[in-house]
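Here's the structure we're looking at; comments come further down.
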Amino acid sequence: DEADQAACVVEQVLARREEGLKLKQQAVLFRAAQHSARLEIELTRRHIPFVKFGGLKFLEAAHIKDLLAVLRWAQNPRDRVSGFRAIQLLPGVGPKIAGRILDNVQAAPPGCALLPEQPVPDAARPGWMAFAGMVEQLAASTAWPAPLEHIATWYETRMESLYDDHEVRKADIQQLTRIAATYPSRERFLTELTLDPPDATSDESGKPLLDEDYLILSTIHSAKGREWPAVSILNTVDGCLPSDLATGSEREIEEEMRLLYVAMTRARDHLDLLIPQRFYVSGQSATGDRHVYASRSRFIPNRLLPHFEQITWPEAEIQTAARDETRQAAVDLAAKMRAMWD
């Protein structure tokens, strides 16, 4: 799945660095900016520096920080950084009111439910009451990833008034919920992500220093005209390459094929095509699967496979032969079953 794909890329990048290939001599390419979200989280978790070209860093986007702030504050109401950001998502609530609410929460005895009674303007009270009820409900919930999905549903109703490109940003919100579903618990998910203080919030990635070593992440469009000794291409599957939004005509499909060609020819010495088998999805029914299966890109048919070295990651465990006593027990059981009919 995408988690294994991210871990595989990181292990390969570190292995090449051990062999003397610097991080900035390696690049990871992808069709759309949101395809690198899981990898960015893995790189952040392992403290591996990277620079992204063609789209914002996933965890630095304001809408992602908004969502995580609400989740963190529901987890810990005394987290002033997250609470300060989360409360100001409400219309009519500014820094002064947010600070006053946080002061009251900080001074309250542990376990005291006082969010609905906080001093907010009358015009903002209906929105505040709904928000406070949601936060208290999430704080008491032990399920996962249902709390994040609940916050995402609430936040999507606010995005239209917060961002002009809200439809584009909704795709990132959906991606975050899919990533969250791969973690076993809310605590594990939150400990592997970071949220900067409000005064450090920015929608733009900072320019790297010349003497820094960092991994290159880039959309394929942004990689045109560039070249690296080693290149990995994420999600080389139908639906991503070609994009499921660009298969309506032969002309669009040919353009997608050219994009893959551009990506592959960015590699000077090493080229890895990553093909995850499963993608986790949200919004499925209670009895439905939480993932869908993916197939290799149509641009790499079976007749081309002899030109590639095929590697499975992680490697499948070798099945050991059954022990003598196990085989004997099976034979004895069969004999006993036959004896029942004699």
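The values are calculated or read from the model by the stated rules, or taken from the named source; none is laboratory data. Bear in mind the structure is a predicted one, so any value in this text is a computation, not a measurement. Cβ: placed from backbone, ideal geometry, glycine included. Neighbour counts: every protein chain shown.
Got a number for residues in the stretch 152-175 being under 20 Å from I87 (Cβ atoms) and exposed (fewer than 12 other Cβ atoms within 10 Å of the Cβ)?
3
Kindly indicate which of D79, D66, D103 is buried (at least 20 other Cβ atoms within 10 Å of the Cβ) and either touching a strand residue (DSSP E or B) at 6+ places or on another chain (Cβ under 9 Å) or of a type in the set (D, E) (or both).
D66
Please list, ordered by residue number, the strands (runs of 3 or more DSSP E) wholly in the stretch 211-320 having 3 or more residues that are among the hydroxyl-bearing types (S, T, Y), at pLDDT 90 or above and touching a Phe, Trp or Tyr at 6+ places or on another chain (Cβ under 8 Å).
Counting at least 3 such residues, we get no strands (runs of 3 or more DSSP E) at all.
Filter the stretch 46-60 down to the residues that are in contact with an Asp or Glu (Cβ under 9 Å, 6 or more places away or on another chain) and outside any strand (DSSP E or B) and list them by number.
Within the stretch 46-60, I48, P49, L56, K57, F58, L59, E60 qualify.
Scanning for something without any contact (Cβ under 8 Å) to a residue 12 or more places away in the chain and surrounded by fewer than 18 Cβ atoms within 10 Å (Cβ to Cβ), does the stretch 40-62 turn up at least one residue?
yes
Can you name every residue in the stretch 189-203 that is modelled with pLDDT of 50 or more and either crowded, with 18+ Cβ neighbours inside 10 Å or touching a strand residue (DSSP E or B) at 6+ places or on another chain (Cβ under 7 Å) (or both)?
Matches in the stretch 189-203: F189, L190, L193.
From the list L89, L148, L68, L102, pick out the single residue that is without any contact (Cβ under 8 Å) to a residue 40 or more places away in the chain and among the aliphatic types (A, V, I, L, M).
After ruling out the rest, the residue left standing is L102.
On the basis of being of a type in the set (A, V, I, L, M, F, W, C), in the same structural domain as A223 (by TED's automatic domain parsing) and in a helix (DSSP H, G or I), does L43 make the cut?
When the stated conditions are applied, L43 passes them.
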